[in-house]
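Report on the following structure.
The values are calculated or read from the model by the stated rules, or taken from the named source; none is laboratory data. Please read all numbers here as calculations on a predicted model, not as lab measurements. Here the Cβ is made from the backbone with ideal geometry for all residues, glycine too, and neighbour counts use every protein chain on show. Protein only, heavy atoms only, side chains kept; ligands, DNA and RNA dropped before computing areas. Shrake-Rupley method; radii C 1.70, N 1.55, O 1.52, S 1.80 Å.
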Amino acid sequence: MSRYRWHVVPDIAVKIILASLLVFAGCAPVTAANIEKRTSQDGTIVVPWKEGYARYQTLRINSVSGDTLSRHPVVNGQNWVITGLSDGQYRFILSSSDSQTQILSLHVSHYSLTSAFGLFTLGLIMFVYLLVALMKGGRDD
Amino acid sequence: MTISESALTILVYVCLCASCISPLLLLYWLIRDIKGKKLW
Amino acid sequence: MTDFMLGRETALVILVLFGLAWVGWGWYLGRNNRTIEDYALAGRSVGFAMATATAMATWITSNTTLVAPQLTYQFGVWGMLGYSMAALGLILFAPLAQRIRQLLPNGFTSGDFIYQRYGRFAWAMFIIISLCYAFGWLVSLGMAGGLLLSSLSDLSYLTGMTAILVICVGYTLLGGLKAVIATDFVQSIVIITGVVIVAWVCIDTVGFDTMHTTLTREQPELLNLLFPAAIMFFFNNIFFGIGEIFHSNVWWSRAFAFGPGIGKKSYLTAGLLWLPIPVVTGFIALAASSLNLVPPSADMVGPMVAAKLLGSIGAVFIFVIVFSALASSMDSLLAATSDLLTQDIVKKLFVPDASSDTLLRANRYIVIGLGIGTWCIAAFKLATLGALLNFTGAFVASTIWPIVFGLYQPKLTGRWAGLAMVAGTTCGLIGYFAIGFYVAAIISCGVSLVCCRIGIMQSKDYFQWHELEEKG
């Protein structure tokens, strides 16, 4: 039993040190040299490629609370088109094994459902009128 | 209001089956028109 | 853009094979064309199968294979369902096709009807709108041909664009509408089979549960049935599609070309068969995040997903599908636009007593001229032409009510119909720039409707339908 404990202690120490390093890395300050602030009314954004992105491997999209919602690979010279985001604030962070940087802050605020349904209803009324006109015309034919 | 997985599945499968049938229907009508000499 | 490219030799072989087959077939079909009616309207007796297939294939454009996945990637379930609603253009044109054939049994073009029904002013407005839309679509197809073929293979933009134009001009010139319709039949089978295979592989590889789970986590709005932007754009897109079909000579020439009693049935059937296709082509975009793909531009999401799913066969597949979709629309546009220019400009304005032979010759020269003109403009790769197609919504939607009332409501006069088109277009364009593209068609259609209703209310005229037969 005691021999087992002697083996375990160095293992635990290594694990604690590794865990601390990981936590420390996770908490590493995100450099934020040029954070662009953008807004979107439909949950879509085009993130253009810029010089200097090539040294990172992953684009992460984080919520304000820090949860990573999605990860995308960095492809040299290629933009990213991100879609389908709900209302809220998002941070776009490029990361590599030893550093990370926030490149974008996005505020998504979708169009109001009232205006959306307003336009929809106008269209529906006109569409129904068209159907009626065609059916009436067909009957009188 | 999120579409459920089963609703999405049904929607896509119905459209896929309908799309599978359409080339067959077109070929069937073509053969019928050729036999009836009503192609052109 | 795609991970996957076809080699230059493979791409050229596919193009050459298609080109030889299509041009050869066009020559074969066109060898009995004697009159302008044979050439431009396939003898006015196209049967149901060919009629249905050509209506479907022509409405399946490169947009159906590229924009349906793009809209699904941006607007989710509503994106693909909204795109499906473009089938309503075909379905609602069905009764119009029957009415057109009945009123103008010897008509050639949409312009013929507008001229005889409404007179010169409305006809001039209508022709301007029609030609703007036709050229815009033709050039955008030429550009799409170049861009797509060059992004899927090692071919350059110019080679891809030239190849597709040469092939389409070749068989349209030699065979006329018969060649257009016959190649459309084959192309419709190729396109539908291709997109169905891609969809099945997508379901098999990714699966709905993975797709749904990934989307819920990473792109939740795409599954939202109350996605505000999508709801907002819904009817604008519908009226854009209806306007495109109701006014364009592509569809009117078919109404004149289909055999008696065929038009209504075939347009209705084509519309119903077309309805599920955007869902089949569009839904693969929902698999993008599950496949860890982020497109560099939204319109590449379809080819990227298909290439990832199908591997080395994928590029050949997409290449053939895209080529077929482009060719089936471009040939129809070439034929219909050359008919419009021949009948409405050459005959009406310059040579009113032209014989059938003269018109046939003129039509052929115009097809060549359109091909050269399209090449010249598309070669400059003016990016704004893609945007031009977007605001043609304001133009085409203004023609819906003048056409519907023109066919069924005898009290609307030419002055008010012309005014409706002008006012609708103007207000639609104002809406486009002041508010956004998603209101252009709806505003245009609404303003046009108000003008037409005012015209009908105060009119003391009553058009006699038999006048159309007398003038025709």
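Applying the criterion of being touching a strand residue (DSSP E or B) at 6+ places or on another chain (Cβ under 9 Å) and either in a loop (DSSP other than H, G, I, E, B) or at pLDDT below 95 (or both) to the residues of the range C:78-137, the residue that is surrounded by the most Cβ atoms within 10 Å (Cβ to Cβ) is C:78. Among the criteria (1) β-branched (Val, Ile, Thr); (2) open to solvent by less than 10 Å² (accessible area, probe 1.4 Å); (3) farther than 29 Å from residue C:359 by Cβ, the one residue C:67 does not fulfil is (2). Screening residue C:214 with (1) among the hydroxyl-bearing types (Ser, Thr, Tyr); (2) away from chain A (no Cβ under 14 Å); (3) more than 19 Å from the chain's Cα centre (by Cα) gives one miss only, at (2). Checked against (1) touching a residue at least 24 places away in the same chain (Cβ under 8 Å); (2) within 14 Å of chain A (Cβ to nearest Cβ); (3) within 17 Å of residue C:242 (Cα to Cα), residue C:391 passes all but condition (2). Being part of a helix (DSSP H, G or I) and open to solvent by less than 10 Å² (accessible area, probe 1.4 Å): is that true of residue C:341 here? No, not satisfied.
Only residues that are away from chain B (no Cβ under 14 Å) and open to solvent by 20 Å² or more (accessible area, probe 1.4 Å) were counted across the range C:256-288, and they come to 1. Taking residue C:313 as the residue in question, decide whether it is over 26 Å from residue C:128 (Cα atoms) and crowded, with 24+ Cβ neighbours inside 10 Å. Criteria not met by residue C:313. How many of the residues in the range C:1-59 are farther than 30 Å from residue C:94 by Cα, β-branched (Val, Ile, Thr) and assigned to a helix (DSSP H, G or I)? Qualifying residue count for the region: 5.
Listed here are the residues, each with its yes/no results for (1) farther than 27 Å from residue A:68 by Cβ; (2) in contact with a strand residue (DSSP E or B) (Cβ under 8 Å, 6 or more places away or on another chain).
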{"site": "C:185", "(1), (2)": "yes, no"}
{"site": "C:206", "(1), (2)": "no, no"}
{"site": "C:258", "(1), (2)": "yes, yes"}
{"site": "C:266", "(1), (2)": "yes, yes"}
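Only a single item in (1) within 21 Å of residue C:42 (Cα to Cα); (2) aliphatic (A, V, I, L, M); (3) without any contact (Cβ under 8 Å) to a residue 24 or more places away in the chain is not met by residue C:351, and it is number (1). Checked against (1) closer than 30 Å to residue C:95 by Cα; (2) surrounded by fewer than 18 Cβ atoms within 10 Å (Cβ to Cβ), residue A:119 meets all criteria but (2). The set of residues from the range C:48-70 being in contact with a Lys or Arg (Cβ under 8 Å, 6 or more places away or on another chain) and of a type in the set (Gly, Ala, Ser) comprises C:49, C:51, C:55.
Checking residue C:420 against (1) more than 23 Å from residue C:111 (Cα to Cα); (2) of a type outside the set (Lys, Arg); (3) touching a Pro at 6+ places or on another chain (Cβ under 6 Å), which test does it fail? The single condition residue C:420 does not satisfy is (1). For the range C:38-60, a residue qualifies if it is under 16 Å from residue C:251 (Cβ atoms) and surrounded by fewer than 22 Cβ atoms within 10 Å (Cβ to Cβ), and exactly one does: C:44. Scanning the range A:104-116 for residues that are under 17 Å from residue C:436 (Cβ atoms) and either hydroxyl-bearing (Ser, Thr, Tyr) or touching a residue at least 40 places away in the same chain (Cβ under 8 Å) (or both), we see that the one that is surrounded by the most Cβ atoms within 10 Å (Cβ to Cβ) is A:110. Out of C:315, C:335, one residue alone is at pLDDT 85 or above, in contact with a Leu (Cβ under 7 Å, 6 or more places away or on another chain) and farther than 27 Å from residue B:18 by Cβ. It is C:335. The set of residues in the range A:57-74 being within 14 Å of chain C (Cβ to nearest Cβ) and more than 21 Å from residue C:297 (Cβ to Cβ) consists of A:57, A:60, A:62, A:63, A:67, A:68, A:69. Restricted to the range C:365-472, the set of helices (runs of 4 or more DSSP H) holding at least 1 residues that are at pLDDT below 95, surrounded by fewer than 23 Cβ atoms within 10 Å (Cβ to Cβ) and out of contact with any helix residue (DSSP H, G or I) (no Cβ under 9 Å at 6 or more places or on another chain) comprises C:384-397, C:414-434, C:466-471. Can you pull out every residue in the range B:1-13 that is at the interface with chain C (Cβ under 7 Å from one of its Cβ atoms) and of a type outside the set (Asp, Glu)? Residues satisfying the conditions are B:1, B:2, B:3, B:8, B:9, B:11, B:12.
Taking the criterion of being buried (at least 18 other Cβ atoms within 10 Å of the Cβ), β-branched (Val, Ile, Thr) and within 14 Å of another protein chain (Cβ to nearest Cβ), the residues of the range A:75-103 that qualify are A:81, A:82, A:83. In the range C:260-282, which residues are modelled with pLDDT of 95 or more and polar (S, T, N, Q)? Within the range C:260-282, C:266, C:269 qualify.
All conditions in (1) touching a helix residue (DSSP H, G or I) at 6+ places or on another chain (Cβ under 8 Å); (2) modelled with pLDDT of 95 or more hold for residue A:88, with the sole exception of (1).
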